[in-house]
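Trainee: Input: one structure, supplied below.
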Amino acid sequence: MNARAIAIQVLSRVRATDAYLNVVLDTVLSESPPADARDTGLITELAYGTTRRQLALDYAITRFADRKLDALEDKVLAALRVGAYQLFYTRVPARAAVAETVQALKDVGLARAAGFANAILRKLSSLPSQPLPPEDDLVGFLSVRESHPRWLVERWLRQFGRERAEAMLVANNQTPPVVIRANSAKVTRDALLEQLREAGLEVRPTAVSPVGIVLPPVGRLEDVYGYAEGLWQVQDEAAQLVGVYGDIPETARVLDACAAPGGKACHLAEKHEVVATDLHANKLRKIESEAKRLGLSERLSARAHDASQPYPEEWGEFHAFLVDAPCSGLGTLRRHPELRYRRTQEDIGRLAVLQRRILENCQEAVPPGGLLVYAVCTSEPQEGQDQVEMFLRSHPEWTAEPPVLHEAVKLPLTQAYLRTLPGPEAWDGFFAARLRKMY
Ligand SMILES: C[S@@+](CC[C@H](N)C(=O)[O-])C[C@H]1O[C@@H](n2cnc3c(N)ncnc32)[C@H](O)[C@@H]1O
């Protein structure tokens, strides 16, 4: 099956099943691998690009479709979007984009819709430029141009101002760089940088994280130098900063309350004894296999547990907790582009309630003098700073205590808190608070 047909399969399955794009893409690629291995890159680009630009593509398609897009069959709509994406966002010549997409629609068994798709794509290809709403309605304009729902554009303009909000919208449509964290249990960042360069890779250190390295575009990560030896783990720079900011004393035994897939738990296990827990037992295997690859198994054990429920006494005492809570994920939209169309304002409030329940349960288990690092990968204050400040108001025995780090490490702090936002920094949006139980 050709690349466009596979991309259509992926997108129609995501729409039909509400599944995650990355999961469906992996499954489809392993079920029906492309005839030419080089097509994997094109399929990924078409699937992610089309999803990232979906609202803008639909805005254009709607002009020429004689029925509501919601009423179209999943594969037909996916083909129209894939075709329009190539026309407006790639250098594929218009003729080829239209012809190959229509052929792909036939290849997925929808020859009867070929004429309909062909007519619309040909009309789109003859437009002088991509259609966009008028700029005098700023929210509507940005919502379509950057393909984010109106409520989110409105919210970010209100919360962050036009400059940052626009930078966030733009950044969410970029492909994230692959960033790795040097496994300090085996190698320093400088030594790893040198070894990767010797292996022929054009790598550079991350701008803020003292343990990160940005890789150039690579094929299979498993084939990159040092993977099999466990010298590094893939982790976004902002996620690395949570570990740096947490600055948990080396002697502390740590409980990671929401640990899967295990990036931060493994970062912690480079120096600490860690019990990594997650609600979903099926996710523990991934944490364990990563710990094994990194040579950290002796310091990390994984267990299933609901972080909103008391911890068994027989697990012993933990001097520090990491609560990397389930959240709206609005700081990671470039990685999960489908999420922006699924999230609602109500989700933010609902997740804030769950986070509070988890925070309340975990704080009970921290001994006086102990630390709790609370983190979320979202830009929303309701899940981040407001959440923590509400917690501190009702718990006078807790205080926010930013770390005292080496002066070379300049963390993006807002008051006592770590805060990163999507934008030109090319990192995910995170919030973290380092909290101390005083008595
Ligand atoms: C943001 S992710 C954690 C990412 C992880 N710390 C890392 O760095 O790789 C949140 C995790 O919380 C888990 N989770 C959701 N509800 C939970 C609960 N009630 N108790 C424990 N874990 C939960 C989810 O399964 C998910 O894996």
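The values are calculated or read from the model by the stated rules, or taken from the named source; none is laboratory data. Predicted, not measured: the structure shown is a model, and the values here were computed from it. Cβ placement follows ideal geometry from the backbone for every residue including glycine, while neighbour counts extend to all protein chains displayed. All accessible areas refer to the heavy atoms of the entire protein, side chains included, with ligands and DNA or RNA removed. Shrake-Rupley method; radii C 1.70, N 1.55, O 1.52, S 1.80 Å.
Trainee: Scan the range 191-207 and tell me whether some residue there is among the basic types (K, R), buried (at least 16 other Cβ atoms within 10 Å of the Cβ) and outside the structural domain of R335 (by TED's automatic domain parsing).
Mentor: Looking for residues that are among the basic types (K, R), buried (at least 16 other Cβ atoms within 10 Å of the Cβ) and outside the structural domain of R335 (by TED's automatic domain parsing), one finds none in the range 191-207, hence no.
Trainee: Next up: Within the range 230-239, identify whether any single residue is part of a loop (DSSP other than H, G, I, E, B), within 9 Å of the ligand (Cβ to nearest atom) and at pLDDT 95 or above, and answer yes or no.
Mentor: Taking the range 230-239 and keeping what is part of a loop (DSSP other than H, G, I, E, B), we get 230-231, 235-236.
Among the residues that remain, those that are also within 9 Å of the ligand (Cβ to nearest atom) are: 235.
Filter once more, keeping what is at pLDDT 95 or above: 235.
Yes, the conditions are met somewhere in the range 230-239.
Trainee: When you go through (1) open to solvent by 10 Å² or more (accessible area, probe 1.4 Å); (2) in a loop (DSSP other than H, G, I, E, B) one by one for Y341, which number turns out not to apply?
Mentor: In the conditions (1) open to solvent by 10 Å² or more (accessible area, probe 1.4 Å); (2) in a loop (DSSP other than H, G, I, E, B), Y341 misses (2) alone.
Trainee: Here's another thing I want to ask about it. Considering (1) part of a helix (DSSP H, G or I); (2) under 26 Å from V170 (Cβ atoms); (3) out of contact with any Leu (no Cβ under 7 Å at 6 or more places or on another chain), say which one R357 fails and leave the rest.
Mentor: For R357, the exception is condition (2).
Trainee: Another one. Given the conditions (1) surrounded by fewer than 20 Cβ atoms within 10 Å (Cβ to Cβ); (2) under 24 Å from the mean Cα position of the chain (by Cα), and given that I213 satisfies all but one, which numbered condition is not satisfied?
Mentor: (1)
Trainee: Another question, if that's okay. Identify all residues within the range 336-359 that are within 16 Å of the ligand (Cβ to nearest atom) and touching a helix residue (DSSP H, G or I) at 6+ places or on another chain (Cβ under 8 Å); write none if there are none. Break it down into steps so the answer makes sense when it comes.
Mentor: Within the range 336-359, the subset within 16 Å of the ligand (Cβ to nearest atom) is 336, 339, 343, 347-348, 350-359.
The answer is H336, R343, A352, Q355, R356, L359.
Trainee: How about the range 1-26: which of its residues are basic (K, R) and open to solvent by 80 Å² or more (accessible area, probe 1.4 Å)? Before you say what the answer is, go through the steps one by one.
Mentor: Of all residues in the range 1-26, those basic (K, R) come to 4, 13, 15.
Result: R13, single match.
Trainee: Of the residues R150, R145, R164, R155, only one is under 27 Å from T332 (Cα atoms), free of Cβ contacts under 8 Å to residues at least 12 places away in the same chain and charged (D, E, K, R); which? Full working, then the answer.
Mentor: Details: R145 fails: free of Cβ contacts under 8 Å to residues at least 12 places away in the same chain; R164 fails: free of Cβ contacts under 8 Å to residues at least 12 places away in the same chain; R155 fails: free of Cβ contacts under 8 Å to residues at least 12 places away in the same chain.
Exactly one residue qualifies, and that residue is R150.
Trainee: Pull up the range 250-281, narrow it to residues that are open to solvent by 10 Å² or more (accessible area, probe 1.4 Å) and part of a strand (DSSP E or B), then point me to the one that is nearest to the ligand (Cβ to nearest atom).
Mentor: Only one residue tops the list, namely D278.
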